[in-house]
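Encoded as structure tokens, the structure appears first; notes follow it.
The numbers here are math on the coordinates, done by the rules we state, and not lab data. Every value quoted in this text rests on a predicted model; they were computed, and no experiment measured them. Don't worry about glycine lacking a Cβ; one is built from the backbone with ideal geometry, like all the others, and counts go over all protein chains shown.
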Amino acid sequence: MENIIDILNSRGLVEDITNQDLNNVVNEPIAVYAGFDPTSDSLQVGNLVTVMALAHFQRCGHKVIALAGGATGMIGDPSGKSAERVLLGESQIEVNVEGIKENLSRFLDFENKDAPALIVNNIDWLQKFSFIDFLRDVGKSFRVGSMLGKESVRSRLDSDVGMSFTEFSYQLLQAYDFLHLFDTEKCVLQIGGSDQWGNITAGIDLVHKLRGGQTYGLSIPLVLDSSGQKFGKSAGNAVFLSAKKTSIYDFYQFFIRTADDKVVELLKIFTFLSLDEIAELEELVKIAPEQRAAQKRLAEEVTLMVHGENGLRIAKSATDVLFGKSMDGLQAEDLLEVFSNVPSTELQNDQVAGISALDLSVTAGLCKSKGQARRLIESGGLYVNNNRVPSLDHLISASDIIDDKLVVLRSGKRNFHLVKV
């Protein structure tokens, strides 16, 4: 059985461990969990770091538990936050939990006969507590001094916004999650981002006080963007795993745009490629950076895992289309996703079919006047579905309307405009 800690270390997925004995403990199968608060109906790239760590555990034969925080999501984790989260309603949290379950199913094997992954929701056990019972059974085991000493608490108390009692109590809830999973699933390890260290250690202390059990914590480095911020919804720079929130094309391009000095790190974290293959890609970064071979492989691997083979096909075709290549094989729905952020105009069929490309470019708003459109065509700069318009009298045919729904106009190299029919 391959040592999971060695694997995680080799891929840059270990920040800290509460007890080095864990290196020996994992030589036998154990149960490990990570929590995901449902602040959105989709996980994002920042969460994917922890998901990949769980997937490595499962590949090594360990039992992995993904906890969707239906209860803690109502409170909001203050860790790493400079202000209190907006509290969500019960119905929205239910929707978000289902979205997270779908995301996780792309990475964790819930049907594995030897070591099936398990997904649980802490609303199932935390909602059974009354406020008085929770204070008596759980709260009595915590000391305010140590709670105040947590980094997530100290940083907020020193800020202008402070911290509400609601947020202050969050670490009690997460600690109880660990105790519950210790009791019901024999879970002895919690993993999470480095900003979760205080919550993880709170759970370890609670299990020790109430059960005398030995448990462990492992924190994972946060993946930061080029400005040094972690990827997250509240930071306004999130790249989501759901195509409804981040288009497949934008998701793919996010990884394509990875800087040369960052791409090897991300290949280790976000893919299952062997370290030897990553080393070969690292060498290509050094000797032929203009090829962006490492970035392309990174984008392909992650997009394939998140969006499947069809998603990867759409992403690669979309990239080709945006660089002027053929749209053959792409359906209207694919193109609408590719051009989700492109200006568009809705027209009736009789305003499109049989009309000259010159007139359509003006009617749709791509060109401001017929004079501008004429000059554009004469210079060879007007395109319909990435095909150059050959003459001033060229007509739009029914076959130019993709799936009877869409015509893509382009002026020059990058100025696109959709005509939705």
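If you plug the beta carbon distance of residue 113 and residue 183 into 1/(1 + (r/R0)^6) with R0 = 35 Å, you get a FRET efficiency near 0.90.
Looking at the stretch 98-180, the chymotrypsin sites (Phe, Trp or Tyr not before Pro) that sit in a DSSP loop and have at most 14 other Cβ atoms within 10 Å of their own Cβ are 110.
Computed from point charges on the beta carbon alone (+1 for Lys and Arg, -1 for Asp and Glu), the dipole magnitude for the stretch 248-323 about its Cα centre is near 260 Debye. Computed from label points 7 Å out along Cα-Cβ, the spacing between residue 397 and residue 368 is 3.4 nm. Taking every alpha-carbon pair under 8 Å whose residues sit at least 6 apart, the chain reaches a relative contact order of 14 percent.
A straight chain from residue 132 to residue 282 at 0.36 nm per residue would run longer than the Cα-Cα distance by 48.3 nm. Each DSSP beta bridge with both residues in the chain is either parallel or antiparallel, and the antiparallel ones are about 45%. For each pair in 368/405; 286/316; 245/325; 63/140; 113/316, compute the distance between the two Cα atoms and list the pairs where it is over 29 Å. Result: 63/140; 113/316 exceed 29 Å. If R0 is 35 Å, the Cβ-Cβ spacing of residue 148 and residue 261 corresponds to a FRET efficiency of close to 0.35. Here's the picture: charge each Lys and Arg Cβ at +1 and each Asp and Glu Cβ at -1 in the chain, and of 134, 264, 208 the one pushed furthest to the positive end of that dipole is 264. Between residue 388 and residue 21, the C-beta separation translates, for a Förster distance of 56 Å, into a calculated FRET efficiency of about 0.25. Only aspartates and glutamates eight or more places from residue 209 in sequence, or on another chain, were considered; those with a Cα closer than 20 Å are 21, 133, 137, 177, 183, 185. Once you reduce the stretch 138-157 and the stretch 329-355 to the center of their Cα atoms, the two points are 56 Å from each other. Comparing mean-square fluctuations of 140, 245, 325 from a GNM of the chain with C-alpha springs under 10 Å, the top value falls on 140. Residues within the reach of a label modelled at residue 91 (point 7 angstrom out along Cα to beta-carbon, backbone nitrogen below 20 Å), restricted to the stretch 97-140, are 97-100.
Membrane-span-like helices in the chain, defined purely by DSSP H runs whose alpha carbon atoms cover 24 Å or more axially and whose average Kyte-Doolittle hydropathy reaches -0.5, do not occur. Electrostatic bookkeeping for residue 293 treats Lys and Arg as +1 and Asp and Glu as -1; over the other residues with beta carbon under 14 Å from its beta carbon, the sum is -4. Summing Lys and Arg as +1 and Asp and Glu as -1 over all other residues whose Cβ lies under 15 Å from the Cβ of residue 218 gives a net charge of -4.
Over the stretch 248-323, Cα pairs under 8 Å with separation of 6+ residues give a relative contact order of 45 percent. Taking 42, 361, 130 as the candidate residues, the one with maximal mean-square fluctuation in a Gaussian network model of the chain, Cα springs under 10 Å, is 130.
Here the stretch 4-223 is treated with +1 on each Lys and Arg Cβ and -1 on each Asp and Glu Cβ, and its dipole about the Cα centre works out to around 380 debye.
Among 48, 117, 8, whose Cα lies farthest out toward the positive end of the dipole of the chain, if unit charges sit on the beta carbon of Lys, Arg (+1) and Asp, Glu (-1)? Positive-end residue among those listed: 48.
The sum of -39500 (n - 2.57) across all DSSP H runs of n ≥ 4, divided by the residue count of the chain, sets its helix-only mean residue ellipticity at 222 nm to -13000 deg cm²/dmol. Given a cut-off of 21 Å, name the pairs among 101/244; 296/420; 150/262 whose C-alpha atoms lie farther apart than that in the structure shown. The answer is 296/420; 150/262. In the elastic network of the chain, a GNM with C-alpha springs shorter than 10 Å, the most mobile of 259, 294, 315 is 259. For the pair residue 124 and residue 342 in one chain, pulling the backbone fully straight at 0.36 nm per residue adds 74.1 nm over the alpha carbon distance. Put a plus charge on the Cβ of each Lys and Arg, a minus charge on the Cβ of each Asp and Glu, and nothing anywhere else: the dipole of the stretch 284-421 about its Cα centre is then about 740 debye. Placing unit charges on the Cβ atoms of the charged side chains and taking the dipole of the chain about its Cα centre, the candidate lying farthest along the positive direction among 20, 172, 315 is 315.
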